[in-house]
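The values are calculated or read from the model by the stated rules, or taken from the named source; none is laboratory data. Worth saying up front: this structure is predicted, and the values here are computed from it rather than measured. Positions of Cβ are backbone-derived with ideal geometry, glycine not excepted, and every protein chain shown enters the neighbour counts.
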Amino acid sequence: MTGLDQAVLGFTALVLVVLGVMVAAGSFGVSDVLLWLSSPQARVEGLLVLAILALLAAYLVTIILRQKGEPAVVHQAELGAVRIGVNTIKGLVAKKAQEVEGVKEASVTAVQTEPLQLRVELQILPDHNVPHLAEELQQQVKEYLADTMGISVSRVEVLVRGIGGSAKARVT
């Protein structure tokens with residue numbers, strides 16, 4: 001978001017607060033606001049306020065339309081920036097998580113993109129050491145993303161949602 005965008009958003013917030021205060025004052029019967037609204041010059045001022053609000057709304061719509069579709073993690077390479085879509089990262093991490101012994105199902109959420117923080121929700125198989133499994137998963141995800149995509153992960157939260165299925169058959 002550019003500095004101009006931030007300034008327009010700040011001005012819009014200020015205008016909305018002023019309008020809110022005026023509406024609240026009018027609804028509580030403050031006579032100065034009601035007299036101003038019923039005066040002949042209020043029509044000109046009302047049109048001016050309407051024009052300002054219309055311009056602000058149009059600018060806010062352009063800000064929304066300018067936003068890029070999918071959030072991405074940016075990796076600075078020697079020849080320029082490489083943008084890696086968050087959905088791509090989530091899919092690869094979920095696939096990698098399911099390769100860890102003891103993991104039945106995995107879903108991934110990007111908590112934050114700068115720095116990259118992920119939450120991996122798991123359903124695990126019974127008879128596995130949860131702390132060990134979680135640490136192994138965290139390490140593998142961190143190494144995998146560094147090796148394959150060149151991006152670092154600052155945090156990998158693991159949430160075990162349940163234990164399901166059956167463990168591998170034991171030989172006696």
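Quick one: in region 44-69, of everything that is loosely packed, with under 10 Cβ neighbours inside 10 Å and not hydrophobic (A, V, I, L, M, F, W, C), which residue is modelled with the highest pLDDT?
Checked region 44-69; the qualifying residue modelled with the highest pLDDT is 67.
List the number of the failed condition for residue 23; all other conditions in (1) in a helix (DSSP H, G or I); (2) under 20 Å from the mean Cα position of the chain (by Cα); (3) without any contact (Cβ under 8 Å) to a residue 12 or more places away in the chain hold.
Here residue 23 clears every test but (2).
State all residues of region 103-140 that are more than 24 Å from the chain's Cα centre (by Cα), under 14 Å from residue 153 (Cβ atoms) and touching a residue at least 24 places away in the same chain (Cβ under 8 Å); if no residue qualifies, say none.
Correct list: 140 only.
A quick yes/no check of all residues on (1) out of contact with any helix residue (DSSP H, G or I) (no Cβ under 6 Å at 6 or more places or on another chain); (2) at pLDDT 80 or above:
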position: 1; (1), (2): yes, no
position: 29; (1), (2): yes, no
position: 35; (1), (2): yes, no
position: 39; (1), (2): yes, no
position: 82; (1), (2): yes, yes
position: 94; (1), (2): yes, yes
position: 102; (1), (2): no, yes
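Being touching a His at 6+ places or on another chain (Cβ under 9 Å) and among the small types (Gly, Ala, Ser) narrows it down to one of 85, 102, so name that one.
Numbers: 85 fails: touching a His at 6+ places or on another chain (Cβ under 9 Å).
Within the list 85, 102, the selection yields 102.
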